[in-house]
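Before any comments, here is the structure.
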Amino acid sequence: MRPAGPTPGLVQLFLAFQGISLRAFGGALPWARRELVDQRRWLEPTEFANLLALCQFLPGPNIGNLAVLVGSRYRGIPGALAALLGLLAAPVAIVILLGMIYDRYGQMELMGRVLNGVAAAAAGLIADMALKMARPLERRGARAGLLFLLATFVAVGLLRLPLGPVMLVLAPLSILAARPR
């Protein structure tokens with residue numbers, strides 16, 4: 001696929017993923033979509049959705065996989081390393097600091113309320129991203145994709161079936177349904 005926007009350098013990759021990670025406690029993917037698709041225009045919406053689908057199928061954290069894929073797409077192995085380092089450096093330091101604070105004050109009732117509020121905000125961001133990812137499916141006439149989205153949600157979200165077996169069944173079926181006729 002052709003790049004959607006200008007080709008980023010190593011520093012731009014580092015700073016973009018550092019910015020994503022610093023805004024993204026509890027849910028980096030909505031911020032990644034906003035940064036990579038809406039603001040920098042490095043990816044088209046459908047390409048982001050396709051890369052994210054691949055990242056979810058691979059082992060490891062989705063956002064880390066996405067950083068490696070985007071970085072390597074534009075700058076090869078150095079780009080992958082720059083994007084991944086940008087994603088991890090500052091948040092690791094912040095998490096260590098927050099861990100020390102939580103260890104000291106985590107039993108306070110106020111801390112529990114703060115964490116509940118943060119969890120609700122993260123859930124809202126994830127729901128927003130899911131809706132944005134579903135829109136291109138409908139616009140492209142890929143109604144089968146929406147059916148597989150719904151089937152996955154029902155199987156994993158409502159019926160609490162394990163993700164691995166659900167993906168092993170639904171991924172090949174969705175690929176068959178999306179093939180050109």
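With respect to residue 135, is the statement that it is in the same structural domain as residue 30 (by TED's automatic domain parsing), in a helix (DSSP H, G or I) and under 19 Å from residue 30 (Cα atoms) true?
In short, yes.
Among the candidates 84, 98, 43, 66, which residue alone is in contact (Cβ under 8 Å) with a residue 60 or more places away in the chain and either within 30 Å of residue 165 (Cβ to Cβ) or not polar (S, T, N, Q) (or both)?
That would be 84, the only listed residue that is in contact (Cβ under 8 Å) with a residue 60 or more places away in the chain and either within 30 Å of residue 165 (Cβ to Cβ) or not polar (S, T, N, Q) (or both).
If the requirement is being more than 26 Å from residue 149 (Cα to Cα) and part of a helix (DSSP H, G or I), which of these qualifies: 54, 84?
On the way: 54 fails: more than 26 Å from residue 149 (Cα to Cα).
Criteria check complete, one pass: 84.
Quick one: would you say residue 81 is over 27 Å from residue 169 (Cα atoms), of a type outside the set (Val, Ile, Thr), modelled with pLDDT of 85 or more and more than 16 Å from the chain's Cα centre (by Cα)?
It is true that residue 81 is over 27 Å from residue 169 (Cα atoms), of a type outside the set (Val, Ile, Thr), modelled with pLDDT of 85 or more and more than 16 Å from the chain's Cα centre (by Cα).
Out of all the residues in segment 148-165, is one or more of a type outside the set (Phe, Trp, Tyr), touching a helix residue (DSSP H, G or I) at 6+ places or on another chain (Cβ under 6 Å) and part of a loop (DSSP other than H, G, I, E, B)?
yes
Does residue 171 satisfy the criteria of being under 27 Å from residue 20 (Cβ atoms), in the same structural domain as residue 34 (by TED's automatic domain parsing) and either in a helix (DSSP H, G or I) or under 18 Å from the mean Cα position of the chain (by Cα) (or both)?
no
Considering only residues that are of a type in the set (Asp, Glu) and part of a helix (DSSP H, G or I), which ones fall in segment 35-51?
35, 38, 47
The values are calculated or read from the model by the stated rules, or taken from the named source; none is laboratory data. Just so it is clear, the model here is predicted, and its values are computed rather than measured. Here the Cβ is made from the backbone with ideal geometry for all residues, glycine too, and neighbour counts use every protein chain on show.
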